[in-house]
Amino acid sequence: MAIGKFTTAVRAAKTIKSMLPDSFFEDMKKYVETQVQSVIGKMNLVSREEYEEQNKQLRQLREKIETLEQSTAKPHEQTGPVSGGGSNSRRIMGQRQENWPMLQTKL
């Protein structure tokens with residue numbers, strides 16, 4: 001039964017084609033190509049070359065970030081964490097900073 005429907009569809013297509021001018025298919029092809037190019041243009045796509053260049057720059061930036069992260073981590077590892085001694089006040093000349101009101105600063 002499916003073959004019969006397919007055959008009928010092919011016959012109908014041939015009949016319609018014979019009724020249309022010869023230039024119809026060429027004109028339709030040009031119209032479809034123009035519309036497809038218009039849609040692709042609106043999609044804001046980039047060329048393969050531009051994509052590769054951006055990808056290369058991204059890799060280079062990642063490498064720089066990793067290098068900077070490693071270089072900032074090294075001094076911290078060498079000096080160790082800063083110890084606060086358990087108190088929020090700093091000592092100045094053997095006395096707590098609170099005892100020197102003129103020297104107190106807001107950090």
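For the stretch 83-94, state whether one or more residues are charged (D, E, K, R) and either modelled with pLDDT of 80 or more or not in a helix (DSSP H, G or I) (or both).
yes
Let's see how each residue does on (1) at pLDDT 95 or above; (2) among the basic types (Lys, Arg); (3) surrounded by 10 or more Cβ atoms within 10 Å (Cβ to Cβ):
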position	(1), (2), (3)
8	no, no, yes
24	no, no, yes
29	no, yes, yes
36	no, no, yes
39	no, no, no
42	no, yes, no
46	no, no, yes
53	yes, no, yes
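The values are calculated or read from the model by the stated rules, or taken from the named source; none is laboratory data. Everything quoted here is computed from the prediction, not taken from an experiment. Cβ coordinates were reconstructed from backbone atoms using ideal geometry, including for glycine residues, and neighbour counts include every protein chain displayed.
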